Structure formats: structure tokens, C-alpha cells
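A.B. asks: The structure that follows is given in the form of C-alpha cells.
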Amino acid sequence: MPDTSPPHQTFLPPSQGTPALKNHHLWALFAALAVACLVFMLWGGAWRSSYILELRAIKLGGLLCVGASVGVATVLFQTLTNNRILTPTIMGFDALFLLMKTVLVFVSGMLVLPNMTNTATFLFDTALMIAATLLIFTAVLKRAQQDIQLLVLVGVIFGLLFRTVSGFLQRLLDPSEFAIVQSNMFAQFGGIDRESLLIASLVTAAIFVWIARRHLILDVLALGRDTARSLGVSYDGLQLQLLAAIAALVSVSTALVGPLAFLGLLVTALTHTLLRSHRHGLLLPAASLIAGLILVVGQTVFERVLNLNSSLAVVIEFSGGLLFLVLLARGKIT
């Protein structure tokens, strides 16, 4: 009898899709971001004034740099921890930044911060945050035999310690000194210094080039320590290198505009929902584009529509916090 069975068909898993479709998603995100940037730059006839265009270009560069840094850093951190609800913020970066500002005001009064140039302040904050985080990373990993989960727990403890000390010192400040510290509690996208932005962009670009050359290795790294080592990946060394890259990206973005605790969680959730892929060659650029789109569109709405009657950083933190609770309730942590 002839074979009447249906021909064999091969179906891709829902989480994979086709590379061409994923590339279309990237191009669509790029086009949307380009349109958002044009609207941000030209809204209200700004092309008539070169001075306004220059100011907006600096702010736009800051938004894109911060968005790309936070998005990529969060994707890398979730790859290392194999957990979708963890972000570098859990390591206490924002708490360390606020503690630095609080201690500086507490020790020196109102003399140091106002008299430091923006570039000097940026370099000081970045260098101190990178040095402190790398010291914690290397010390804990050596004692914990490369246990990344223990590193996360230590980061949580340090973050709590930093917040507690900051809160205690802030209670001892007078109102004028506390106002200086309070201005650093939330990200501020206005008044970004040109030289600081240039330095931040160069550091971010250098790290992105380094990461781009290893995106295939990151796909293997996401399989876990034992699997990656069995496939020939130097897991321990690459883990420390990625932690250093994450520390540099988060430190640069935080020193440039201030802490953005839940932006990374919001971005990575949207990235995984849109792409449904584990390929870092797609996830990393998509996270950068989505983060930039969120910040540019959000800042356009708050500046041009709401006339700065609210803060973009507050809305991002609120939305990210709600998303964290939703993901935790649904159990989507891997």
C-alpha cells in the first residue's frame, strides 16, 4: 500500500523563531529610535536655533549612552546569574553612589561638591564605584570559589549596609546640605556635561566592542558553569571579566545622570518578550535600542507635553517595581 502519512515537517520551537524575523525586529527598533530622536531634536521648531540643537544633542547623547549601558549590563548580569528578575542594582550600585555623595557632603560640608567641576565629579564617582565594586567582586569570588549566587547575596547585604549608613548620615545634615544630597537621589537628564558625556561614550563603546567579539561565547556561558566548562569555555576567568564590564557600565551611567534602579529590569523584560531568543547577538543590541527608546520617548513626553511637571526617573522606577512584583508572582525568574 502506498504511504499515505503526511510528509515530515520540522517546526522551530516557539522560543527560537527565525533569524530573519529577529533581524526585522532589530531594524524596526532602530527605525523607531531614529524617529524618536528626530522628534526629540526638532520638536517646536528647534532647527531654527543652533544653540537649542546643541543642548538637545548633548541630552540626547546622554539618554542613548545611559540606556545602552544599563540595558547591556542587565542582560549580561542576568546571563551570569541565570535569573530574569535580578539586575546589577541588587549589588548596591545605587546605594554606593548615594553613600559617596552623602559622605562627601557630611565630611566637607557644602564646600566640595559645588566647587568641583562636572568632569572632575564624574571621573571621581566613576573611579571610586568601579574600584569598590571590583574589590568586592574579587574578594568574594576568591573566598566563595567562584559562586555567583553567594556574590549576589553579599551584594544585597552591602546594599543594605550602604543605605543604612546613608540614611543615618542624612539625618545629621542640615537642610541646605541635605538638599545637595537629595538632588542626587534620582537620575537627572538635564545639565549633562559635554566632556563627561564624551568620556562615558568612549568607555561604553570600548566595552561594547569587547562584548560584541564574545557574543557567541556568552550563548555558551548561559548554559551554566559545568556545561560551559565542558565545552571549552574558561568560565571563571570570563565571569570575572564580565563582572568588571558590568561594574564599569553601571558606574559610568550612574555617575553621568544618577541611579536608575529598575530601568534594566524593564528593558530586559521587554527584550525577552519581543525576541523570545537566547542569542546574545540579538539580545544585546535589542536591549540597547529598547532602553534608548524608553528614555528618549519618555523624556520627550515629560519635556514637551507635560512641561516637566513630573520626573521620568520616578515613573521608570515605579513601572519597574511593579514589573518586578509581577515577574516574581508568575515565577518567571529563568
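The values are calculated or read from the model by the stated rules, or taken from the named source; none is laboratory data. Being a predicted model, the structure only gives us computed values, none of them experimental. All Cβ positions, even for glycine, are placed from backbone atoms using ideal geometry, and neighbour counts span all protein chains on display. Heads up: the accessible areas ignore ligands, DNA and RNA and are worked out on the full protein's heavy atoms, side chains in. Shrake-Rupley method; radii C 1.70, N 1.55, O 1.52, S 1.80 Å.
A.B. asks: How far, in nm, would the chain grow between Ala329 and Asn118 when pulled straight, counting 0.36 nm per residue and subtracting the alpha carbon separation?
C.D. replies: Between Ala329 and Asn118, full extension yields 71.8 nm more.
A.B. asks: For the chain, what is the calculated [θ] at 222 nm in deg cm²/dmol (nearest 500), taking -39500 (n - 2.57) for each run of four or more DSSP H residues and dividing by its residue count?
C.D. replies: -24500 deg cm²/dmol
A.B. asks: How much accessible area does Arg225 have with a 1.4 Å probe, in Å² rounded to the nearest 10?
C.D. replies: Per-residue accessible area (Arg225): approximately 70 Å².
A.B. asks: A further question on this structure: Roughly how many Å² of Ser319 are accessible to a 1.4 Å probe, to the nearest 10?
C.D. replies: 50 Å²
A.B. asks: Here's another thing I want to ask about it. Answer with one residue from Phe318, Leu160, Val209: the one whose Cα lies farthest towards the positive end of the charge dipole of the chain, charges on Cβ with Lys, Arg +1 and Asp, Glu -1.
C.D. replies: Towards the positive end, the residue furthest out is Val209.
A.B. asks: Can you tell me which of Leu221, Leu284, Leu104 moves the most in a GNM of the chain? Springs connect C-alpha atoms under 10 Å apart.
C.D. replies: The residue that fluctuates most here is Leu104.
A.B. asks: Moving on to the next point. With springs only between Cα atoms under 10 Å, which of Gly92, Gly281, Gly62 fluctuates most in a Gaussian network model of the chain?
C.D. replies: Residue with maximal mean-square fluctuation among Gly92, Gly281, Gly62: Gly281.
A.B. asks: Where in the chain are the helices, taken as whole DSSP H runs, whose Cα atoms extend 20 angstrom or more along the long axis and whose Kyte-Doolittle mean reaches at least -1.0?
C.D. replies: Span-like helices here: 19-42, 50-81, 93-108, 118-143, 148-172, 194-212, 235-257, 280-300, 312-330.
A.B. asks: Let me ask something additional. Local charge sum around Thr121 (other residues, Cβ-Cβ under 10 Å, Lys/Arg +1, Asp/Glu -1)?
C.D. replies: Around Thr121, the charge tally is -1.
A.B. asks: Counting only other residues whose beta carbon sits under 15 Å from that of Gly167, what net charge do I get with K and R as +1, D and E as -1?
C.D. replies: +1
A.B. asks: Please go through the stretch 33-109 and write out the chymotrypsin sites (Phe, Trp or Tyr not before Pro) that DSSP classes as loop and that have at most 15 other C-beta atoms within 10 Å.
C.D. replies: Trp43
A.B. asks: Additional query: Which residue, chosen from Asn83, Leu242, Gly232, occupies the Cα position most advanced towards the positive end of the dipole of the chain, where the dipole is computed from +1 (Lys, Arg) and -1 (Asp, Glu) charges on Cβ about the Cα centre?
C.D. replies: Gly232
A.B. asks: Now, a different point. Please give the per residue accessible area of the stretch 174-240, computed with a probe of 1.4 Å over protein heavy atoms only, in Å².
C.D. replies: Working: 3840 Å² over 67 residues.
Normalised by residue count, the accessible surface of the stretch 174-240 is 57 Å².
A.B. asks: Heavy atoms of the protein only, probe of 1.4 Å, neighbouring chains included. What is the accessible area of His272 in Å², nearest 10?
C.D. replies: Result for His272: roughly 30 Å² accessible.
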